[in-house]
Amino acid sequence: MQQNDTMIRVRGVKKQYRLGQIGGGTLRGDLQSWWARKRGKEDPNTIIGTDQRLVGTTFMALNGVSFTVKKGEAVGIIGSNGAGKSTLLKLLTHVTAPTEGDIDLYGRVASMLEVGTGFHPEMTGRENVYLNGAILGMTRAEIDAKMAEIIEFSEVGDFIDTPVKRYSSGMYVKLAFSVAAHLDSEIMIMDEVLAVGDMKFQKKCLTKMRQAATRDGKTVLYVSHNMATIRDLCDRCLVLDQGKVVFDGAVDEGIAVYLAQKAQSAEFVDYSRYARDNWFKRDTLRLQSVRFQVPSVEAVERTRPLRAAYTVQAREPVHAAGLRFEVRDEVGTPLATCCLYGLDLQPGLNHFTAEYDLQVLAPGQYSNYFTFFTQGEGGVQTVEDWVPGIQFTIVDTLSGQELQWNTKDWGAIELPKARLVPQENVQ
């Protein structure tokens with residue numbers, strides 16, 4: 001039974017998948033892979049970054065997830081790739097069923113999990129609006145009353161009577177979100193497919209979701225890797241890691257937990273076996289290690305240059321490569337970037353040290369990303385490697401100032417000190 005204003009209740013949910021393996025294409029390759037698994041060794045025919053634990057075994061996508069969401073709450077769900085976010089949303093929307101546990105939903109659910117989900121490709125945009133409304137239990141008259149608003153918001157009015165199989169991915173997203181946002185439902189579940197749309201439409205969608213929670217009393221679940229969006233939209237945050245909820249609480253604290261999973265709080269980080277995200281397939285350059293040449297990353301003196309020693313593996317000669325040192329605040333918002341150009345790297349291991357001037361940053365906690373890139377014709381940059389960096393704390397021990405800088409309210413950039421202008425020089 002529903003208690004108080006609870007809209008979603010998840011109790012002890014587990015989801016297990018049994019994974020198969022596709023043949024390597026040759027008998028020799030299949031035998032190599034089989035023999036490597038028998039000896040507990042790495043499969044020589046597996047793509048770099050594949051988790052060997054997932055081959056030929058079961059995979060627990062969710063492992064004992066429990067939480068409740070109340071009416072009018074906007075809850076952000078964050079976590080690394082493979083943490084179980086999308087699996088959880090598919091369970092909540094009944095796309096698949098849990099292996100164990102219970103899920104109770106107290107209201108009609110409008111969702112957008114993937115581009116085109118819930119749309120029939122042969123039907124027009126208008127027909128798909130009616131289809132989605134009928135699935136939610138709405139009458140034709142109720143859908144007709146919403147149709148003009150849906151079409152106007154979606155910005156695809158000229159194509160509303162065109163079969164959606166001819167839509168671009170951006171048009172799909174616009175119409176799908178408009179349908180989910182305007183049809184009568186008590187619960188909205190949104191995956192990060194909004195990233196497909198243009199920036200203007202993304203802002204409009206976020207405003208609509210915020211209004212849905214605060215003004216209309218809808219319950220919103222939103223998955224995104226954009227921490228600034230999570231911070232702006234949500235008033236609560238769930239952090240998933242390896243199929244479990246490791247944090248449930250305030251948004252800023254949740255983002256800090258998530259970033260701590262990705263960034264290392266140590267002077268030296270070994271990336272030689274770090275698994276890059278699944279979308280990243282390039283392996284021309286691979287960062288092997290970074291060492292911050294400081295006594296402690298908990299006390300990086302802002303008035304002294306920060307030196308970082310890099311070891312990079314190159315598969316082939318690379319000329320005029322570059323390295324971006326991307327600084328982010330404690331909730332992952334990008335703040336500043338420093339680029340190093342003109343790196344000539346030879347096949348094998350390459351070592352070099354770079355120096356950074358961070359004194360414009362106010363005292364506080366930061367993290368960073370390392371991005372290696374190459375430049376082509378016209379200055380086009382191609383990302384060769386991209387990994388989360390190191391968490392570090394900047395302190396100001398030499399200035400003698402007693403004021404504790406408030407990065408949350410004042411910003412993370414400390415401008416040069418102001419000075420009084422002598423009255424006789426004032427015109």
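The values are calculated or read from the model by the stated rules, or taken from the named source; none is laboratory data. No experiment lies behind these values; they were computed from the predicted model shown. Glycine gets a Cβ as well: all are built from the backbone with ideal geometry, and neighbour counts include every protein chain shown. Note: areas computed on protein heavy atoms with side chains; ligands, DNA, RNA excluded. Shrake-Rupley method; radii C 1.70, N 1.55, O 1.52, S 1.80 Å.
Return the total of residues in the stretch 154-195 being part of a helix (DSSP H, G or I) and within 16 Å of LYS218 (Cβ to Cβ).
The number of residues fulfilling the criteria is 6.
Does PHE159 satisfy the condition of being modelled with pLDDT under 85 and either touching a Phe, Trp or Tyr at 6+ places or on another chain (Cβ under 9 Å) or open to solvent by 30 Å² or more (accessible area, probe 1.4 Å) (or both)?
In short, no.
Filter the stretch 115-146 for residues that are of a type in the set (A, V, I, L, M, F, W, C) and either crowded, with 17+ Cβ neighbours inside 10 Å or touching a residue at least 40 places away in the same chain (Cβ under 8 Å) (or both) and give the result.
Across the stretch 115-146, the qualifying residues are VAL115, PHE119, MET123, VAL129, LEU136, MET138, ILE143.
Which of the residues spanning the stretch 327-352 are in contact with a Gly (Cβ under 8 Å, 6 or more places away or on another chain) and surrounded by 14 or more Cβ atoms within 10 Å (Cβ to Cβ)?
Listed by number, the residues that qualify are ASP329, GLU330, LEU340, LEU343.
So which residues in the stretch 103-114 are open to solvent by 60 Å² or more (accessible area, probe 1.4 Å) and over 18 Å from ASP184 (Cα atoms)?
Quick first cut of the stretch 103-114, residues open to solvent by 60 Å² or more (accessible area, probe 1.4 Å) only: 108, 114.
GLU114, the sole residue that qualifies.
What tally of residues in the stretch 214-247 results from selecting those that are within 17 Å of ASP191 (Cβ to Cβ) and part of a strand (DSSP E or B)?
Result for the stretch 214-247: 9.
For ILE151, state whether it is assigned to a helix (DSSP H, G or I) and either open to solvent by 10 Å² or more (accessible area, probe 1.4 Å) or on the phi > 0 side of the Ramachandran plot (or both).
Judged against the criteria, ILE151 is a match.
Conditions: (1) modelled with pLDDT under 85; (2) of a type in the set (D, E, K, R); (3) open to solvent by 70 Å² or more (accessible area, probe 1.4 Å); (4) under 21 Å from GLY254 (Cβ atoms). ASP216 meets all but one. Number of the miss?
(4)
Among (1) hydrophobic (A, V, I, L, M, F, W, C); (2) at pLDDT 65 or above; (3) open to solvent by 60 Å² or more (accessible area, probe 1.4 Å); (4) under 25 Å from the mean Cα position of the chain (by Cα), there is one condition ILE47 misses while meeting the rest; what is its number?
(2)
Report, by residue number, each residue of the stretch 352-398 that is of a type in the set (Asp, Glu), in contact with a strand residue (DSSP E or B) (Cβ under 7 Å, 6 or more places away or on another chain) and under 15 Å from LEU306 (Cβ atoms). Let's see the steps before the verdict.
So in the stretch 352-398, the residues of a type in the set (Asp, Glu) come out as 355, 357, 377, 384-385, 396.
From what is left, the residues that are in contact with a strand residue (DSSP E or B) (Cβ under 7 Å, 6 or more places away or on another chain) are 355, 384-385.
The one that is of a type in the set (Asp, Glu), in contact with a strand residue (DSSP E or B) (Cβ under 7 Å, 6 or more places away or on another chain) and under 15 Å from LEU306 (Cβ atoms): GLU355.
Could you list all residues from the stretch 313-351 that are farther than 28 Å from GLN391 by Cβ and outside any strand (DSSP E or B)?
Correct list: ARG315, GLU316, PRO317, GLN346, PRO347.
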